[in-house]
Amino acid sequence: MKAVGIIGYHKSGKTTLGVKLCKELASKGLRVGVIKHVSCELQLADADSSRYRAFASVVAAASPVETEIIVKGEKSLEDMLRYCADCDLTLVEGFKRERLFPKIVCLREKEEKEELFDGLELFTASFKEEIADYLISNDEHVREMAAIAMARAFELD
């Protein structure tokens, strides 16, 4: 499995870019995993299976189409990556300080480069043309970013 990170500050376009990259890579027949770091409590749909959350340590729901597993307690990134072992590429959103994989850096302002660059950056992306290598809103740029991410992602055990 290969992995690449998508980092940046709040409202920098990380999720928008991640969804676009996921769509682009999946359209090429690749299996894409996504791991997202959130800083608040998870808000899951009010389905029957979510009623178990208050009492159970693990809740799993399966249908003929998909499976969802909710595990209580904090898990390491390495633990979560195991769920993506069968994927061709895993996009890891957030986890700014991790050094397991190269990163796409989403910028709101040009000055953020100094704070976010750690030597593992692949390129920058933004909604603002003048501050980054690629535009998140440009479909051709998304195709180029997807190709670079796939080619330069790190292979993980």
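Every number here is computed from the coordinates shown, using simple stated rules; none is lab data. This is a predicted model, so every value here is computed, not measured. Please note: Cβ atoms are built from the backbone with ideal geometry, for glycine as well, and neighbour counts cover all protein chains shown.
Some points to look at:
- Over 25 Å (Cα to Cα) - which of Lys72/Lys103; Lys2/Lys36; Lys28/Lys110; Lys75/Lys96 fall in this group: Lys72/Lys103; Lys28/Lys110
- The fewest-to-most ranking of Val58, Val142 by surrounding Cβ atoms within 10 Å reads Val58, Val142.
- Cα coordinate range in region 54-124, projected on the principal axes (Å, largest first): 45, 29, 21
- Charged-residue dipole, Cβ positions (Lys, Arg, Asp, Glu), the chain about Cα centre, Debye nearest 20: 240
- Taking the fewest neighbouring Cβ atoms within 10 Å as the starting point, the ordered list for Ser12, Ser63 is Ser63, Ser12.
- Taking all Cα-Cα distances within region 13-155, those exceeding 23 Å account for 43%.
- Look at the alpha carbon pairs under 8 Å that are at least 6 residues apart: their mean separation over the length of the chain gives a relative contact order of 37 percent.
- Ordered by the count of other Cβ atoms within 10 Å of each Cβ, fewest first, Ser76, Ser137 give Ser76, Ser137.
- Largest-first principal axis extents, alpha carbons of region 86-146, Å: 36, 27, 15
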